[in-house]
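Q: Below: one structure in structure tokens.
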Amino acid sequence: MAETLTSIQLSDDKIQIVNQLVLPHTTEWLVIDTIEQAHDAIRSMKIRGAPAIGSLAALAFSQHLARALRSSPPPDFLSSPEALKAHVSQKLDFLFTARPTAVNLGAATRRLARTLQTSSDAGKDARKIAEDLVEDGKQIAAEDVGRNKAMAKWGGDWLVELVKGNGASGDGLNVLTVCNTGSLATSGYGTALGLITHLHETGKLGRAYFTQTAPYHQGSRLTALELKTLQIPSTMIVDTMVGSLFQHHSIHAVAVGADRIARNGDTANKIGTYNAAVLAARHNIPFIVVAPITTVDLDVADGSGIPIEHRPPLEACIVRGALYPPSLDQQGNKAQAAIMIPPEGLDGIYNPSFDVTPAELITAIVTEKGVAVKGSDGRFDLSNVV
């Protein structure tokens, strides 16, 4: 079961991803052999989570160039730095189109573009430039786990001290999260779910609460699986139960991830996050955003400049899961089905994948460099955490 908590597996030249569309009932590993397959996996949400898709894009790109370097005869794009630059730029531009809201994908492609330029400016030949790009792509993925553990500790320890400062013990903390921000959304450990894991590991967590996160149900399918596997006490709620939860239970914080954070602290995250933030503000519950530096986009002044991905309308109409009572298919897996909920032919279906939470509703923004809170002017200064 523990292997299902890994979004990407690497073995020499082989890249595999766990198909998150069929979790938690079936563990299916998909081989990623080309940049086009990586693009499709990201676009179709077979892999999701801003850090994870950035890692997959970088690894698929590295795989593509590594194979070119080993091929005989070599492809034409290795004939000169100019030919390589044209080829690489086209591939990076293509990868970037897979999902527009998650800034980590753009951060990965921009970093590789900078490596391309730096190596070219140094006068290296095409093969050496390609070797530099291969190593940098691998490094993008390798860096993720360490920074996730760092931000989880920063955020978890900050919350404990905040609660203590309000006169409580700092023990038995109950934290609500939205969507899935654990190992399945990253290269390991997780961001907001990493904060919850850190609290559990240090004996400070009471219970984790998580929303189902419709329409894709990343909470009920993926977060539930991770928390169950890690044996973290948890309770699932329907998205529309957040207000009721806050009314009737002691919740010490809401911790969420982010797909993009604007310069002023406005944050795009999975649809439903804004709802939770508004309700948290009503109940004076701290609202914490946990995300890597690569998610902060200082080129975007505020949330109005964040592109919001709209998914196909059909995805809001269909629920996929295991048949109940359970039955097994010929491979011994639980049989699954896709179920259409509304009547066909509806005139309008609104299906944004993300919403934007205004900075005024956010208590703290946590990265691997530390915790940012608002100053006396009520504004975030993110310069110390990026």
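Q: Would you confirm, using the coordinates I've provided, whether A253 is farther than 28 Å from L56 by Cβ, in contact (Cβ under 8 Å) with a residue 60 or more places away in the chain and buried (at least 24 other Cβ atoms within 10 Å of the Cβ)?
A: Yes; evaluated as a whole, the condition is true for this residue.
Q: Within the group R43, R99, R70, which residue is assigned by TED's automatic domain parsing to the domain that holds G123, buried (at least 20 other Cβ atoms within 10 Å of the Cβ) and either of a type in the set (K, R) or touching a residue at least 60 places away in the same chain (Cβ under 8 Å) (or both)?
A: Numbers: R43 fails: buried (at least 20 other Cβ atoms within 10 Å of the Cβ); R70 fails: buried (at least 20 other Cβ atoms within 10 Å of the Cβ).
Result of the check over R43, R99, R70: R99.
Q: Hand me the list of helices (runs of 4 or more DSSP H) wholly inside the range 77-192 holding 3 or more residues that are modelled with pLDDT of 95 or more and in contact with a strand residue (DSSP E or B) (Cβ under 9 Å, 6 or more places away or on another chain). Reasoning before the result, please.
A: Values: elements: 81-96, 103-121, 126-142, 144-165.
Those helices (runs of 4 or more DSSP H) span 144-165.
Q: May I ask you to verify whether P74 is farther than 27 Å from H217 by Cβ and outside any helix (DSSP H, G or I)?
A: Criteria met by P74.
Q: Ok, one more. Do we find a residue being closer than 27 Å to L173 by Cα, over 24 Å from the mean Cα position of the chain (by Cα) and modelled with pLDDT of 95 or more anywhere in the range 339-359?
A: No, every residue in the range 339-359 fails to be closer than 27 Å to L173 by Cα, over 24 Å from the mean Cα position of the chain (by Cα) and modelled with pLDDT of 95 or more.
The values are calculated or read from the model by the stated rules, or taken from the named source; none is laboratory data. Model, not experiment: these values are computed from the prediction. Neighbour counts run over all protein chains shown; Cβ positions are idealised from the backbone, glycine included.
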